[in-house]
Amino acid sequence: MNDQIQDIAYRLNTRSGVIIDARAAEPGDEAALEAFFDKVSDEDRRFRFLTAHRHVGHEQLKPMVEVDHFRSETFLAFDDANKELVATGMLACDNDLDTAEVAISVRADYKGKGVAWAVLGLLAEEAKKRGVREVISIEDRDNHEAIALERERGFVPRACEGDAHLVILAKTLR
């Protein structure tokens, strides 16, 4: 996957000392993302897509790689030490740049290393650069790790109207 690292735009330090290089996804990254999601736990894939997927294919990947690089962006995060794709982070802004939704996936063997913490920080900074007022994450109430992480990063939980199994975590940027 070394050929997948090109035009690195960000260098992120995790709390555990893992150095992550991140860049925006492009249409040519679809195969790498497909292989990546096969290395994400079943539960984390369910949390990411809010539905069970044994395999993430073209229909789910297309919106991640065919983006406008302003209102929508998917970041790929690579371990600097081995150049492997270890996480993705999606930022999707509404047309008025009032609200942006974020979603993060981390490869199972990189969980607990601060990768999601670093990627969430990147997504919030990118939203702020775009002038977004509020960043939200929609979580399954059972996704305790993500909820705790987002709360640590200043996100505040609120009910998700119409769905008792989901919670919205929001952070005001401006």
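If you roll a 1.4 Å probe over the heavy atoms of the protein chains, what accessible area per residue do you get for the stretch 45-118, in Å²?
On the way: 3290 Å² over 74 residues.
Accessible area per residue: 44 Å².
Taking a quarter of the surface of the Cα convex hull of the stretch 80-132, what do you get in nm²?
On the way: hull surface 15.8 nm².
Directional mean of the projected Cα hull area for the stretch 80-132 stands at 4.0 nm².
Pairs of Cα atoms under 8 Å, at least six residues apart: use those to get the relative contact order of the chain, whole percent.
Numbers: 329 pairs, mean separation 33.3, N = 174.
With pairs under 8 Å counted, the relative contact order is 19 percent.
Carbon and sulfur atoms: what percent of the 1.4 Å accessible area of the chain do they account for? Walk me through the intermediate numbers first.
Values: 4090 of 8650 Å².
Heavy-atom surface of the chain belonging to carbon and sulfur, 1.4 Å probe: 47 percent.
How long are the semi-axes of the equivalent ellipsoid of the chain, taking √(5λ) for every eigenvalue λ of the Cα gyration tensor, in whole Å from largest down? Walk me through the numbers on the way to the answer.
Working: eigenvalues 104, 66, 56 Å².
Sorted largest first and rounded, they come to 23, 18, 17 Å.
Give a quick list of GluC sites (Glu not before Pro) in the stretch 38-110 that DSSP marks as loop, anything other than H, G, I, E or B, with at most 14 other Cβ atoms within 10 Å. All intermediate terms of the calculation are to be shown ahead of the outcome.
Values: sites: Glu43, Glu59, Glu66, Glu73, Glu84, Glu101; in loops: Glu66, Glu84.
Taking the stretch 38-110 and a limit of 14 other Cβ atoms within 10 Å, the loop GluC sites (Glu not before Pro) found are Glu66.
Net charge near His58: determine it from the other residues with C-beta under 12 Å of the C-beta of His58, scoring Lys and Arg +1 and Asp and Glu -1.
-3
Under 10 Å, Cα contacts only: if you run a Gaussian network model on the chain, which one of Val102, Val40, Val156 comes out with the highest mean-square fluctuation?
Between Val102, Val40, Val156, it is Val156 that shows the largest mean-square fluctuation.
The values are calculated or read from the model by the stated rules, or taken from the named source; none is laboratory data. Please read all numbers here as calculations on a predicted model, not as lab measurements. No Cβ is skipped: glycine too gets one built from the backbone with ideal geometry, and neighbour counts run over all protein chains shown. SASA here: full protein model, heavy atoms, side chains in, ligands and nucleic acids out. Shrake-Rupley method; radii C 1.70, N 1.55, O 1.52, S 1.80 Å.
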